[in-house]
Amino acid sequence: WGVEENGSRLTVKTTIDAKLQKYIVRLLKRPRTVQSAVVVLNPYDGRILAMASYDKNGNTENLCLNADFPAASLFKIVSAAAAFETAGYWPDKRLSYAGRRHTLYKYQLEQPAKRYTRQTKFRKAFANSNNSVFGKLGIYDLGQEVLIEYADRFFFNQAIPFDYPTAASTIDVPEYEFGLAEIASGFNKQTLISPLHAALLAAVVVNNGEMVTPWLVDRILYRTGEIFYQGYCRMQSPPIRSDTAAELRVLMNDAVVSGTSRGAFRRLRRKRNLKNLILGAKTGTINDAQDRFKFEWITAYALDPEGSGAICMSVLGVHGEKLGVRSTELARAIIDFYFSSTR
C-alpha cells in the first residue's frame, strides 16, 4: 500500500502471503464463532505470512494483536520447558494423578498420592492436557520463582517487538499453592495472551529454542524504486536450550498423534501428499468468568522435511451459546491449503 513521508509517496511491501491471507479471511467467515483470529508465521525468520481476525458484530479491530484472551493450556508449553530445565523431567517420566484429566480440585494435588490414582507419562499428560499433573508440577517442582522466570523468558508481561503496537501478554504468579497449580496448568482466566504471542510459542519450539522477532513490513520503497526501509530477521535471547526444544517437540507431536488435536489432524496425516509433514500442537480451552463464552486455542507447527515450507500458527475461536467450527479444524484446513498450494 502507499504512504506519505515528507511529501514523498512511498510504497509499502509486506511479508504477507496473499493467497494464504485471502484463504484465511474467507475461512474465518464460516466458523459461526463470536470472534476468531489466526496468525501464521515462518518460524525461522519471523515473517508474518497471514494475520486475520473476525468479529461477529463487525468490529474491525485487529484481534491478533490484542492480549485479552485467556491463555488456558497453552501455558503448559512454558511449564513443560521449566520442568525439563529445572526439575529434571523428561518426556517418559512416570507421574501419578487422581480424578479426571481436565479438572483441578485440591484433592487432586495432594502428595503423596492417595489410593485411587493412575499412572501416566509426562508426554501423555501434556498431549491430553492433564491439569492434575501440571498442577502438582507447579506446586512441588517449580514454585513461584521458576514460573515467574520462565514466563518472563517467553515474553509474558513485556511488549513483543513488532512493526505495530502489540498488547503485552500478562501473568501474575501467586505464592499460594493452589494458585501455583492454576498457573502451571493454565487452568485460570487471568493469564492472558495475544494470538501473535501464541504463534511465537510454537516458533520457539521449532526454532531450537530461539525466539524470532515477528515482522510484517518487508520493505518500503520510494517512487523511484529506491529502498527507504528494508525489513530483516532478528532474534531475541533464547528462552530455552535446544535440547529442551527437542523434548517439547516430542510432547507437541504426541498431542497430534494421540492427544487433544488427534481428531482433526488425523485427516491431515492420511493425505498422501501431506503424510510426511512434521506436526506438533498444543490446544487450550476455558470459559470466561461468567460462562458466556468459550475460548478455544491451538498453537501448532507444520514442517516439510524436504524443505518446501515451514509454518507456525495460532488459531483462536471465541464461541457463544452455540459452538462453531473448532480451532483444530481451522488449523488443519490452513495447513492443508498452505502445503497443497506450495507444492
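Heavy atoms only, 1.4 Å probe, whole protein assembly: order Arg234, Arg270, Arg332, Arg123 by accessible area, highest first. Intermediate values should be presented prior to the final figure.
Values: Arg234 80, Arg270 180, Arg332 30, Arg123 60 Å².
Correct descending sequence by accessible area is Arg270, Arg234, Arg123, Arg332.
Given only helices, namely DSSP H runs of n ≥ 4 each adding -39500 (n - 2.57), what is the per-residue ellipticity at 222 nm of the chain, to the nearest 500 deg cm²/dmol?
Value at 222 nm, helices only: -9000 deg cm²/dmol.
Quick check: the angle from helix 143-153's long axis to the longest principal axis of the chain, C-alpha only, nearest 10 degrees?
Approximately 10 degrees, to the nearest ten.
Please give the charge dipole size of the chain, origin at the Cα centre, charges +1 on K and R Cβ atoms and -1 on D and E Cβ atoms. Round to the nearest 20 debye.
Computed charge dipole of the chain: roughly 2000 debye.
Report the longest stretch of the chain that contains none of the GluC sites (Glu not before Pro) sitting in a DSSP loop with at most 13 other Cβ atoms within 10 Å.
Details: sites that count: Glu61, Glu110, Glu175, Glu226, Glu306, Glu321.
Between the exposed loop sites, the longest stretch runs 227-305.
Does anyone have the angle between helix 327-341 and the longest principal axis of the chain? Alpha-carbon axes, 0 to 90°, nearest 10?
40 degrees
Hey, what D do you get for region 133-206 in µm²/s if you plug the Kirkwood alpha-carbon radius into Stokes-Einstein at 20 °C and 1.002 mPa s?
Roughly 166 µm²/s, to the nearest whole number.
If r is the Cβ-Cβ distance from Leu10 to Asp141 and R0 is 45 Å, what FRET efficiency results, to the nearest 0.05?
FRET efficiency, Leu10 to Asp141: 0.25.
What part of the accessible area of the chain, given as a whole %, is carbon or sulfur when the probe is 1.4 angstrom? Don't skip to the answer; put the middle values down first.
On the way: 7120 of 15300 Å².
Its accessible area is 47 percent carbon and sulfur atoms.
Over region 211-343, what is the relative contact order in percent, taking alpha-carbon pairs closer than 8 angstrom and at least six residues apart?
16 percent
Taking every pair of Cα atoms in the chain, average 1/r, invert it to obtain the Kirkwood radius, and report Rg/Rh to two decimals. Before the final figure, lay out each step's value.
Numbers: Rg = 20.1 Å, Rh = 20.5 Å.
Checking Rg against Rh, the ratio lands at 0.98.
Relative contact order for the chain using alpha-carbon pairs under 8 Å, separation at least 6, rounded to a whole percent?
23 percent
Starting at the first residue of region 196-212, write each ³J(HN,Hα) from the Karplus equation 6.51 cos²θ - 1.76 cosθ + 1.60 with θ = phi - 60°, in whole Hz, x for Gly and Pro.
4, 5, 4, 5, 5, 4, 5, 5, 4, 5, 5, 8, 6, x, 7, 9, 7
How large is the Rg to Rh ratio of region 62-133 when both quantities use alpha carbon positions and Rh follows Kirkwood?
Radius of gyration relative to Kirkwood radius: 1.05.
Can you give me the Rg/Rh ratio for region 187-233, using Cα atoms for both radii and the Kirkwood formula for Rh?
Taking Rg over the Kirkwood Rh, I get 1.22.
Need one number: nm distance between label points at Ser96 and Thr117, each 7 Å from Cα along Cα→Cβ, rounded to one decimal.
The modelled label-to-label distance comes out at 0.3 nm.
Note down the relative contact order for region 44-202 as a percent, whole number, built from C-alpha pairs under 8 angstrom at least six residues apart.
33 percent
Residue-wise, which Karplus ³J(HN,Hα) couplings in Hz belong to region 20-26, taking 6.51 cos²θ - 1.76 cosθ + 1.60, θ = phi - 60°, and x for glycine or proline?
Each residue of region 20-26 in turn: 5, 4, 5, 4, 5, 4, 5 Hz.
Provide the per-residue ³J(HN,Hα) series for region 179-186, in order, calculated from phi with Karplus coefficients 6.51, -1.76, 1.60 and θ = phi - 60°, each as a whole number of Hz, with x at glycine and proline positions.
Each residue's phi maps through the Karplus curve to give x, 5, 5, 5, 5, 5, 8, x Hz.
Roughly how many whole Å is it from the C-alpha centroid of region 103-148 to that of region 314-338?
The distance from the Cα centre of region 103-148 to that of region 314-338 comes to 28 Å.
For the chain, report the accessible area per residue in Å² (1.4 Å probe, heavy atoms, rounded to an integer).
Here the per-residue accessible area is 45 Å².
The values are calculated or read from the model by the stated rules, or taken from the named source; none is laboratory data. What you see is a predicted model; the values in this text were computed from it and never measured. No Cβ is skipped: glycine too gets one built from the backbone with ideal geometry, and neighbour counts run over all protein chains shown. Only protein heavy atoms, including side chains, enter the accessible area calculation; ligands, DNA and RNA are left aside. Shrake-Rupley method; radii C 1.70, N 1.55, O 1.52, S 1.80 Å.
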